[in-house]
Amino acid sequence: MYSKFFTYAVVCLLVVDSYYCSDLYSDKVLNYDAKTFNKKIGGTPHFVNFFAPWCGYCKRLKPVWDELAEKYNKKTSDQELVIAKVDCTVETPICAEEGVSGYPSLIFYAAGEKKGVKYQGKRDLIGLEDFISNNIGENRPEVPASDSKPTVPEHGAVVLTDATFQEAVKEGMHFVKFFAPWCGHCQRMAGTWAELAESLQGDTSVTIAKIDCTENKETCADFEVKGYPTLLWIMDGKKIEKYQGSRTLEAFKQFVNDMKKTHGKDLPDDGRIPDPKDETNLVVELSAENFENAISKGLTFVKFFVPWCGHCKRLEPIWKDLALKYASSTQVKIAQVDCTKDEKMCADKKIVGYPTLFLYRDGKFLTESHGERKLEALHSFVLEYIQHSEL
């Protein structure tokens, strides 16, 4: 057994071109470190699995990912796709830069692109093959270079660029489509988006717009766009909500009407969204040193997060508001753990995605919140368990 292990170790050490060994997936899957990742991405199209060796979902994905590697990793000059992996427990900075907030994260990088598209579907061979076929080998149309001219309506939708975006959205309400011309889903939605823009041309309270992320990477990075199309409601220059509904004209119109009714009611007199940094932070900061003592009495609702996670950033002001709601309660604490500072504790508690929301009662784990991450939904969730404890 010792001899076998020694031989395996020697083989690993002899691997060249910055690929290194891993026993979670087959050696057909190319394993990248930071140097190799930065060198290879942007050349041949890549489908990359960002994983952690201890992650159960990653282990269950093994046969499917190995099969994809067997099919596509041919080591020929005309290779159309590379199936690769990055171990996020080793290459943490790269995973942070790519916005990885849970494992496994499967991201497709087109030829000539450093910005990837995250796979959101079912992790089976059929779903992954369909995603690959939608993203590889498509003929990309020539896109004119962006300029600093004012935004120009095109089929009703306002066309935005890096040069015009900030000025265009700094005031008022805007529903913006972030897209890539080669994206199949974007192409299928293009007609519906144009119809929406045309139907609302007479409404001066809202602008329907779009921005090509292949030509305007700076703006798309600023708004943390990780997949296409991404549809964001922007008010006075700030991202308010990401649209998650059906991509039909009727659904889009309903969303616009709902957002117009909702926003503006509870804002300050100047109509601006308050900066959460200006608010008092009543969230209890937990660490490995104080965790057990802090949760030992009453209900403690804990957010496990990492600072670079986009979903965590969006939840931050809501979490502060939730803490404010329970500021006078002696039964409830709203708390959080930064998993970049307490990696071992988060691993021990089997945190595999961010943010993860656990509820504890008198030092014992009670349940996990899987519902909406909106203030009233989270408030109702906690209230339900307060009432249970009073029965």
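The values are calculated or read from the model by the stated rules, or taken from the named source; none is laboratory data. This is a predicted model, so every value here is computed, not measured. Counting neighbours? That spans all protein chains shown, and the Cβs are built from the backbone with ideal geometry, glycine included.
Would you say Lys35 is among the charged types (D, E, K, R), surrounded by 13 or more Cβ atoms within 10 Å (Cβ to Cβ) and at pLDDT 85 or above? No, not satisfied.
Against the numbered list (1) touching a Pro at 6+ places or on another chain (Cβ under 8 Å); (2) surrounded by 17 or more Cβ atoms within 10 Å (Cβ to Cβ); (3) of a type in the set (Val, Ile, Thr), Thr89 comes up short only at (2). Residues being among the aromatic types (Phe, Trp, Tyr), touching a helix residue (DSSP H, G or I) at 6+ places or on another chain (Cβ under 9 Å) and assigned to a loop (DSSP other than H, G, I, E, B) are entirely absent from segment 69-92.
A search for C-beta distances below 6 Å between a residue of segment 204-218 that is more than 13 Å from Val158 (Cα to Cα) and any residue that is in a strand (DSSP E or B) and at pLDDT 90 or above, counting only pairs 6+ apart in sequence or on different chains, returns Cys213/Phe178. Of the residues making up segment 223-241, those that are within 18 Å of Ser101 (Cα to Cα) and at pLDDT below 90 number 5.
Taking residues in segment 122-133 that are within 19 Å of Pro229 (Cβ to Cβ), and partners anywhere that are part of a loop (DSSP other than H, G, I, E, B), the pairs with Cβ atoms closer than 6 Å and at least 6 places apart or on different chains are Gly127/Gly121; Phe131/Tyr119.
Taking Glu129 as the residue in question, decide whether it is at pLDDT below 90, over 30 Å from Arg314 (Cβ atoms) and under 24 Å from the mean Cα position of the chain (by Cα). It is true that Glu129 is at pLDDT below 90, over 30 Å from Arg314 (Cβ atoms) and under 24 Å from the mean Cα position of the chain (by Cα). Within segment 109-122, the residues that satisfy the criterion of being under 16 Å from Ala221 (Cα atoms) and either of a type outside the set (Gly, Ala, Ser) or not in a loop (DSSP other than H, G, I, E, B) (or both) are Tyr109, Glu113, Lys114, Lys115, Val117, Lys118.
With the condition kept exactly as written, say whether any residue in segment 93-107 is in contact with a helix residue (DSSP H, G or I) (Cβ under 7 Å, 6 or more places away or on another chain), over 26 Å from Thr340 (Cβ atoms) and modelled with pLDDT of 90 or more. No - not one qualifying residue is present in segment 93-107. Would you pick out the residues in segment 361-391 that are touching a Gly at 6+ places or on another chain (Cβ under 9 Å) and part of a strand (DSSP E or B)? Within segment 361-391, Arg361 is the sole residue that qualifies.
Taking into account only those residues within segment 301-318 that are modelled with pLDDT of 90 or more and out of contact with any Leu (no Cβ under 8 Å at 6 or more places or on another chain), which is surrounded by the most Cβ atoms within 10 Å (Cβ to Cβ)? Restricting to residues being modelled with pLDDT of 90 or more and out of contact with any Leu (no Cβ under 8 Å at 6 or more places or on another chain), the top hit is Leu315. In this structure, Asp362 qualifies as in contact (Cβ under 8 Å) with a residue 60 or more places away in the chain, out of contact with any Leu (no Cβ under 7 Å at 6 or more places or on another chain) and surrounded by fewer than 20 Cβ atoms within 10 Å (Cβ to Cβ).
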